[in-house]
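Participant: Before I ask anything, let me first share the structure, which is written out below as structure tokens.
The values are calculated or read from the model by the stated rules, or taken from the named source; none is laboratory data. Keep in mind that this is a model prediction, so the values were computed, not measured. Note that we place each Cβ from the backbone using ideal geometry, even for glycine, and neighbour counts take in every protein chain shown. Accessible surface areas use protein heavy atoms only, side chains included; no ligands, DNA or RNA. Shrake-Rupley method; radii C 1.70, N 1.55, O 1.52, S 1.80 Å.
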Amino acid sequence: MAPMIQDQPAWTDSKPQPSKPLDDTPTIYQGINENDLQDKANKCLANYGTKFEDDIIVGSKGLYVYTAKGHRVLDWTSGQMSCLIGHGHPEIVSTIQSHASQLDHLFSGMLSPPVINLASRLTSVLPPGLSKAFFLSTGGESNEAAIKMAKVYTGKFEIVGLGASWHGVTAQALGAQYHFGRKGQGPVMPGMHMLPPPNSYRSIFRNSDGSYDWETELNYGWDLIDRASCGSLAACIVECIQSSAGMHVLPPGYLRALKKHCEKRGMLLIVDEAQTGVGRCGDLFAFNHDNVVPDILTLSKTLGNGLPLSAVVTSDEIERVCTERDYCFYTTHVNDPLPAAVGDKVLEIVLRDNLVQHAQTIGDQLHAGLRKLKERYACVGDVRGRGLMAGVEIVADREKKTADLDLARRISHRMYELGLWANLSSHSSFGGVFRIAPPIVVNSEQMDEGLAIMERAFAETEGTGRLY
């Protein structure tokens with residue numbers, strides 16, 4: 001039996017600390033001239049679609065990041081939702097060091113032990129039907145490869161996505177996402193169709209008792225797709241929790257119904273677990289929660305703990321047919337040894353230390369604390385999520401559900417000042433939602449620290465509608 005995780009992992013800071021220069025601040029960039037760096041950034045760095053944060057980050061350790069001003073901030077988004085087991089985990093550092101010095105990068109047709117071991121460990125913990133894997137660098141790349149695989153296997157080309165998903169910015173991945181990134185480049189890939197985004201908080205599809213009628217919404221969406229399709233439906237790609245859209249969880253039964261719709265039309269189901277995979281949601285993989293096996297699974301972010309690593313996993317049969325039909329996704333960094341070694345170590349740690357159960361247990365503490373915030377502040381319209389993924393939606397009026405981006409930004413600013421970073425979704429299509437996804441090694445004391453900072457930020461921000 002795998003040992004239970006300790007309540008306070010020895011390599012993380014075990015007690016809340018004040019947000020000021022600390023003795024444990026990483027020293028790699030201490031003494032830098034921040035103004036000089038900002039000037040260089042303004043002159044040399046190109047925009048790629050986001051506004052840069054004001055502070056320059058000079059270090060990271062455990063659950064915290066450190067700014068050039070010496071401000072220590074509890075990182076409740078795991079970097080870019082990726083550092084699953086925290087920043088600078090000593091076993092990950094050791095793995096990187098050993099492979100950087102002895103086995104880093106190879107010709108793409110060569111095999112190495114880290115790649116074979118990661119494929120073996122990963123497929124051993126997946127259900128039958130997911131038995132063949134290969135490894136790439138980013139989530140967008142893995143989704144691109146998965147969509148191409150579905151097209152080659154089925155001989156068809158139309159792809160269905162959900163209206164609030166994020167799958168990447170490469171051609172086919174971008175074509176399957178609808179709320180951001182599609183403008184300014186002319187036509188996207190042909191044959192792309194959209195299902196209504198499942199949103200239990202805001203959907204207009206309601207039962208007579210006011211509850212969310214996702215089944216009617218889903219069937220309506222497929223009816224529209226059937227009318228628009230030219231008869232070449234190849235696959236549907238879906239996230240179990242639509243994080244970029246504001247942390248919307250697929251309703252119970254939705255994923256199973258979606259797979260039946262795919263089977264009815266001779267399509268494959270692709271599940272994108274960039275953020276939900278490897279334990280974050282209280283299941284090793286989020287699709288386990290619904291007992292549904294996808295035809296193709298993609299992983300990224302969490303698998304590499306912040307290093308560029310992604311995976312495409314499918315069945316023996318799909319792999320066989322695609323091989324016969326000359327499927328090709330040959331890249332410079334396919335099956336690279338160094339990131340594969342890290343992915344194998346991440347899986348080993350998650351399984352060995354029982355972090356999946358820990359994420360479920362500590363996730364209950366997180367959601368209980370967020371529900372208390374909703375009880376105490378009228379501006380909290382909705383709290384949602386599962387395990388250590390959560391969304392807190394800020395509104396001006398609970399009845400009208402009017403988004404309040406200005407208030408959300410002011411709360412976010414105060415939280416950061418007090419030492420907590422929780423990404424605020426501010427795009428107009430899903431604005432005013434705090435996306436929370438701390439490393440799954442977070443302990444109970446650190447969780448209380450973050451929740452206390454949130455409570456104080458709400459209490460000290462004008463307009464939150466304090467109810468007590």
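Participant: Which links in Lys301/Lys345; Lys69/Lys301; Lys51/Lys183; Lys43/Lys69; Lys61/Lys301; Lys156/Lys260 stretch past 20 Å when you go from one Cα to the other? Display every interim value, and only then the final one.
Facilitator: Working: Lys301/Lys345 14 Å; Lys69/Lys301 28 Å; Lys51/Lys183 18 Å; Lys43/Lys69 22 Å; Lys61/Lys301 18 Å; Lys156/Lys260 18 Å.
From Lys301/Lys345; Lys69/Lys301; Lys51/Lys183; Lys43/Lys69; Lys61/Lys301; Lys156/Lys260, over 20 Å: Lys69/Lys301; Lys43/Lys69.
Participant: Separation of segment 125-175 and segment 28-52 by C-alpha centroid, Å?
Facilitator: 34 Å
Participant: Arrange the residues Tyr416, Tyr66 by how much accessible surface each exposes, largest first, with a 1.4 angstrom probe. Walk me through the numbers before you get to the answer.
Facilitator: Values: Tyr416 55, Tyr66 0 Å².
Reading off the accessible areas and sorting them downward yields Tyr416, Tyr66.
Participant: Which percent, to the nearest 5, of DSSP beta bridges fully inside the chain are antiparallel? Numbers along the way, then the final one.
Facilitator: Values: 36 of 52 bridges.
Percentage antiparallel, nearest 5: 70.
Participant: How large is the charge dipole for the chain, taken about the Cα centre, if only the Cβ atoms of Lys, Arg (+1) and Asp, Glu (-1) carry charge, to the nearest 20 debye? Mind dumping the intermediate values first?
Facilitator: Details: 44 positive and 53 negative charges, 155 e Å.
Charge dipole, the chain, about its Cα centre: 740 debye, nearest 20.
Participant: Need one number: the % of Cα-Cα pairs in segment 360-403 sitting beyond the 16 Å mark.
Facilitator: Details: 341 of 946 pairs.
Distances greater than 16 Å cover 36 percent of the Cα pairs.
Participant: What's the magnitude of the charge dipole for segment 128-285 around its Cα centre, counting Lys and Arg as +1 and Asp and Glu as -1 at the beta-carbon? Answer in Debye, nearest 20. Please report the intermediate quantities before stating the final value.
Facilitator: Numbers: 15 positive and 14 negative charges, 63 e Å.
Rounded to the nearest 20 debye, it is 300 debye.
Participant: What order, most packed first, do the peptides 461-468, 204-211, 294-301 have when packing is the mean number of other Cβ atoms within 10 Å of each residue?
Facilitator: 294-301, 461-468, 204-211
Participant: Let me make sure I get this right: for segment 103-353, a, b and c are the square roots of the gyration tensor eigenvalues over alpha carbons, sorted descending. Under 1.5 in a/c it's rounded, otherwise prolate if a/b > b/c, else oblate. Which is it? It would help to have the intermediate numbers written out before the result.
Facilitator: Numbers: a/c = 1.81, a/b = 1.44, b/c = 1.26.
Because a/c hits 1.5 or more and a/b exceeds b/c, segment 103-353 counts as prolate.
Participant: Students often check this: by mean Cβ neighbours within 10 Å, which of 230-242, 393-405 ranks highest, and how do the rest follow? Each step should come with its number before you reach the end.
Facilitator: On the way: 230-242: 22.5, 393-405: 16.7.
Output ranking for 230-242, 393-405: 230-242, 393-405.
Participant: For Lys40, which aspartates and glutamates qualify as cross-link partners when the Cα separation must be under 19 Å and same-chain residues fewer than eight apart are set aside?
Facilitator: Within reach: Glu53, Asp54, Asp55.
Participant: Hey, another quick one. I need the shape label for the chain. Rule: rounded when a/c is under 1.5, else prolate if a/b > b/c, else oblate, with a, b, c from the alpha carbon gyration tensor. All intermediate terms of the calculation are to be shown ahead of the outcome.
Facilitator: Values: a/c = 1.60, a/b = 1.15, b/c = 1.39.
Here the chain falls in the oblate category.
Participant: Considering Cα pairs under 8 angstrom that are at least six residues apart, work out the relative contact order of segment 103-353 and quote it in whole percent.
Facilitator: Numbers: 482 pairs, mean separation 76.4, N = 251.
Relative contact order, segment 103-353: 30 percent.
Participant: How much net charge surrounds Pro196 when only other residues with a Cβ under 15 Å from its Cβ are counted (Lys, Arg +1; Asp, Glu -1)? Before the final figure, lay out the partial values.
Facilitator: Numbers: positive: Arg202, Arg206, Arg227; negative: Asp213, Glu215, Glu217, Asp223, Asp226, Glu239.
Summing Lys/Arg as +1 and Asp/Glu as -1 gives -3.
Participant: Then there's this: In nanometres, what is the gap between the two model label sites at Glu445 and Asn33, each 7 Å from Cα along Cα-to-Cβ?
Facilitator: Spacing of the two 7 Å Cα→Cβ label points: 4.1 nm.
Participant: Computed FRET efficiency, Cβ-Cβ of Asp54 and Ser108, R0 41 Å: what is it to the nearest 0.05? Walk me through the numbers before you get to the answer.
Facilitator: On the way: r = 41 Å, r/R0 = 0.99.
The formula returns an efficiency of 0.50 here.
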